[in-house]
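> One structure, pasted below without further comment.
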Amino acid sequence: MKNQTYQIDIQAPASVVFHKMLDKETYKLWTSEFNPTSDYEGGWNKGDKIYFIGQNKDGKREGMVAKILENIPNEFVSIYHYGILDGDIEITEGPAVESWAGGTENYHFKENNGITNVTVKVDTTEEYLSYFDETWPKALSRLKEICE
């Protein structure tokens, strides 16, 4: 797995950026860059299970199964991915998940003079590298629009 870093400066306090990034309604707006039906089920508290979900092109519900490793409000969130969701079925082992299971996605928020730097560090496979390199900057730009 390869770890990629994406970042953006947003002219808003870290508390605003943090909440707009994670609150359900605004989360769906910025993550629509990944999938127009992007959503989540579960919580953002340390130890919570969370599903990152959407519908595929055939209208079927699918997504990622993850656990929140850490949540320090307005500073840091760490997500541990360990499975996929196929409809209502969790798949946590086997060929569909073995190449990327155990990967993390970390959000860092650092405020300086009213400007918050958001840094996202995400583990990915070679297969998704170009997709993430194209889509993460768009998603972060969308988050910036929402926050400013």
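The values are calculated or read from the model by the stated rules, or taken from the named source; none is laboratory data. Here the structure is a predicted model, which means the values were calculated and not measured. Neighbour counts are summed over all protein chains in view; Cβ atoms, including those assigned to glycine, are modelled from backbone coordinates with ideal geometry.
> Go through (1) within 19 Å of L22 (Cβ to Cβ); (2) polar (S, T, N, Q); (3) under 15 Å from the mean Cα position of the chain (by Cα) and name the single condition T124 misses.
(1)
> Just need a number here: residues in the stretch 50-104 that are charged (D, E, K, R), under 19 Å from N3 (Cβ atoms) and touching a Gly at 6+ places or on another chain (Cβ under 8 Å).
Total meeting the criteria: 1.
> Here's a follow-up. Can you confirm whether the stretch 81-96 contains a residue that is within 30 Å of S15 (Cα to Cα), in a strand (DSSP E or B), out of contact with any helix residue (DSSP H, G or I) (no Cβ under 9 Å at 6 or more places or on another chain) and among the acidic types (D, E)?
No, that holds for no residue.
> Just wondering, is there one or more residues in the stretch 90-109 that are small (G, A, S), buried (at least 18 other Cβ atoms within 10 Å of the Cβ) and at negative phi?
For the stretch 90-109, residues small (G, A, S), buried (at least 18 other Cβ atoms within 10 Å of the Cβ) and at negative phi: present.
> In the list K57, K67, K46, which residue meets the criterion of being in a loop (DSSP other than H, G, I, E, B), modelled with pLDDT of 95 or more and surrounded by fewer than 18 Cβ atoms within 10 Å (Cβ to Cβ)?
Values: K57 fails: modelled with pLDDT of 95 or more; K67 fails: in a loop (DSSP other than H, G, I, E, B).
Checking each option against the conditions leaves just K46.
> Looking at S78, S99, which one is more than 20 Å from Y40 (Cβ to Cβ) and either in contact (Cβ under 8 Å) with a residue 60 or more places away in the chain or not charged (D, E, K, R) (or both)?
Unique residue meeting the criteria: S99.
> Under 6 Å by Cβ, and 6 or more places apart or on different chains, what pairs join a residue from the stretch 125-146 that is touching a residue at least 12 places away in the same chain (Cβ under 8 Å) and within 16 Å of N35 (Cβ to Cβ) with one that is among the charged types (D, E, K, R) and in a helix (DSSP H, G or I)?
If the second residue must be among the charged types (D, E, K, R) and in a helix (DSSP H, G or I), the pairs left are T135/E33; K138/E33; A139/E33; R142/E33.
> Does V77 satisfy being out of contact with any helix residue (DSSP H, G or I) (no Cβ under 9 Å at 6 or more places or on another chain) and either among the aromatic types (F, W, Y) or crowded, with 17+ Cβ neighbours inside 10 Å (or both)? Don't jump to the end; show me each part of the working.
Details: out of contact with any helix residue (DSSP H, G or I) (no Cβ under 9 Å at 6 or more places or on another chain): no; either among the aromatic types (F, W, Y) or crowded, with 17+ Cβ neighbours inside 10 Å (or both): yes.
Against the criterion (out of contact with any helix residue (DSSP H, G or I) (no Cβ under 9 Å at 6 or more places or on another chain) and either among the aromatic types (F, W, Y) or crowded, with 17+ Cβ neighbours inside 10 Å (or both)), V77 does not qualify.
> Given (1) in contact with a Phe, Trp or Tyr (Cβ under 9 Å, 6 or more places away or on another chain); (2) under 22 Å from I8 (Cβ atoms); (3) modelled with pLDDT of 95 or more, identify the lone condition not met by Y128.
(3)
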